[in-house]
2 protein chains.
Amino acid sequence: MTSPVPASAVTLAALPLTQSLAEQIAARLSERILSGAYAPGQRIMEQGVAAEFAVSRGPVREALRLLEKEGLVIILARRGAQVTNPTIEEVNEIFDIRAMLNGLRDRMIAESPSREALIPQLEQEIAQLLQFAELPGLGDDYVEIVIRLNRLLTHAAGNHRLQTILGSLAVQTVRYTRLGLSTPQRRRQSVQHWQQLLQAIRDGDGDAAERIARRRVLDSRDAAVELLRNQQNVSSAA
Amino acid sequence: MTSPVPASAVTLAALPLTQSLAEQIAARLSERILSGAYAPGQRIMEQGVAAEFAVSRGPVREALRLLEKEGLVIILARRGAQVTNPTIEEVNEIFDIRAMLNGLRDRMIAESPSREALIPQLEQEIAQLLQFAELPGLGDDYVEIVIRLNRLLTHAAGNHRLQTILGSLAVQTVRYTRLGLSTPQRRRQSVQHWQQLLQAIRDGDGDAAERIARRRVLDSRDAAVELLRNQQNVSSAA
DNA sequence: CTTTGTATGATTGTCAACAATCTTCTTGAC
DNA sequence: GTCAAGAAGATTGTTGACAATCATACAAAG
């Protein structure tokens, strides 16, 4: 086996023990999966992770269960964990769900009596969106603002279960969201949606907020899926 | 082996020939929670469960994680697991999410080209609904049919992630669904919704299917919450 | 009587070893 | 050369013991 980075790589004991070992390990593995250090489809073996973090397999098992709950890995009976590698169809499915639940979220906000307090923050973030949208490049800065905006809204909606589910789905699709916002043209379209949403919230128009939210997510999905298909065609033709 | 399944396609191929101990224990505990043998809020201690099933604490811990994923227990750091005891607000939140996702599901079915094959089964189940709706009593038989209907539709929608989420939410709310369908009057209303949905599916009218699904779930929610509030008032007045 | 500190038991968190199962490699037949 | 057993190694599943932390009871001080 390749053992280029053995046990000495990471010491968890120095970190604050407010979290259990399992949670700390889950956080570290989560970073690696989201950053692409662990590729989609790659197997994650308990022994290896345990050796690297200098812990036993117990906490690692539990960490992998936590990641499974987040949708970052799948665990197959007696075959261990591997990084989730969704098909285009599954990506489509997840975006469909996100579209509906974002619609619910934004409707709740638009119909909330306490929405006024939120509007200044939204205006500020959306102003930043405008600023970053036109920059050339892949728009990682833009996506960061979008993520912040979504967190702000998901938190403001006040539905705790919705927050959990949307957080999990967002983590699973952040890679594709980034892909779907990788051109200035798409970012311009995205900014428009956010501006429309802001207006709907100002007006207290729940129907409009829901409609715009769904459109926003589904457009993001369509853009991402189109690019995904192109990527696949290129790689399969090579 | 007569069916050579390529390793790359294992995303959902795992058919557990033998359930792990954790899964068996989770199933048993799940029964007890849903039947009320374990009351909401009750603590579940690893040692006790392990002793009862004559296994070690490892599989029990994992079983509790599985139940947490289903929303049947919550696990607090260093304080163990306890049966979920949602507030009325949380019940409301879960029903809101169910309403949206049932809307998505029923829209997908109504817009599916293969919906024709489903219609005879729906007709049969809904005929049974009609039969059971008018019976006096709390309508447990009626709820059984509703659960079967929902499973049928959720499966037919073909969105695997949606199936997982809706299954979990259904488990968490079955108690309240039952409460909301405990009067013949409400069951008559419910049957009407199902008949309208059937017609929308026949017509291939996705908009109508979504609208009806949301109405159905939200009516169920309102009925359940009203009864819940009455129960609380009674018990707090005593 | 309330509050604070401490001891004690209960409970979860972690570990290392063993068992069961799967994967891979070899071997052999056709 | 292809395919099918079978053996060897790798990996997950399970166990019991130990460590760390939490909850409770009780005593002492104000």
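The values are calculated or read from the model by the stated rules, or taken from the named source; none is laboratory data. On a predicted model such as this, the values are computed, not experimentally measured, just so you know. Please note: Cβ atoms are built from the backbone with ideal geometry, for glycine as well, and neighbour counts cover all protein chains shown. Please note that ligands, DNA and RNA were not included when accessible areas were found on the heavy atoms of the full protein model with its side chains. Shrake-Rupley method; radii C 1.70, N 1.55, O 1.52, S 1.80 Å.
As an exercise: evaluate A:V191 against (1) surrounded by fewer than 18 Cβ atoms within 10 Å (Cβ to Cβ); (2) among the β-branched types (V, I, T); (3) more than 30 Å from B:I94 (Cα to Cα) and give the number of the one condition it does not meet.
Tallying (1) surrounded by fewer than 18 Cβ atoms within 10 Å (Cβ to Cβ); (2) among the β-branched types (V, I, T); (3) more than 30 Å from B:I94 (Cα to Cα), A:V191 fails exactly one: (1).
Take region A:75-89 and flag every residue that is within 18 Å of B:N159 (Cα to Cα) and open to solvent by 40 Å² or more (accessible area, probe 1.4 Å).
Scanning region A:75-89 gives A:N85, A:T87, A:E89.
Would you mind finding the one in A:I75, A:I109 that is free of Cβ contacts under 8 Å to residues at least 12 places away in the same chain, of a type outside the set (S, T, Y) and either closer than 22 Å to B:L21 by Cα or not assigned by TED's automatic domain parsing to the domain that holds A:S20 (or both)?
Answer to the selection: A:I75.
Which residues, counting only those in region A:25-77, are charged (D, E, K, R), touching a Pro at 6+ places or on another chain (Cβ under 9 Å) and near DNA strand C (Cβ under 9 Å from one of its atoms)?
Passing the criteria: none in range.
How many residues does region B:123-139 hold that are in a helix (DSSP H, G or I) and either open to solvent by 80 Å² or more (accessible area, probe 1.4 Å) or not assigned by TED's automatic domain parsing to the domain that holds B:R175 (or both)?
3
Could you tell me whether region B:53-66 includes any residue that is more than 11 Å from every other protein chain (Cβ to nearest Cβ) and of a type in the set (F, W, Y)?
yes
Counting just the residues of region B:60-99 that are assigned to a loop (DSSP other than H, G, I, E, B) and in contact with a Ser or Thr (Cβ under 7 Å, 6 or more places away or on another chain), which one comes out nearest to DNA strand D (Cβ to nearest atom)?
Once the filter is applied, the top-ranked residue is B:A77.
Hey, does region A:217-227 have a residue that's in the same structural domain as A:A99 (by TED's automatic domain parsing), in contact with an Asp or Glu (Cβ under 6 Å, 6 or more places away or on another chain) and not β-branched (V, I, T)?
The answer is no; no qualifying residue exists.
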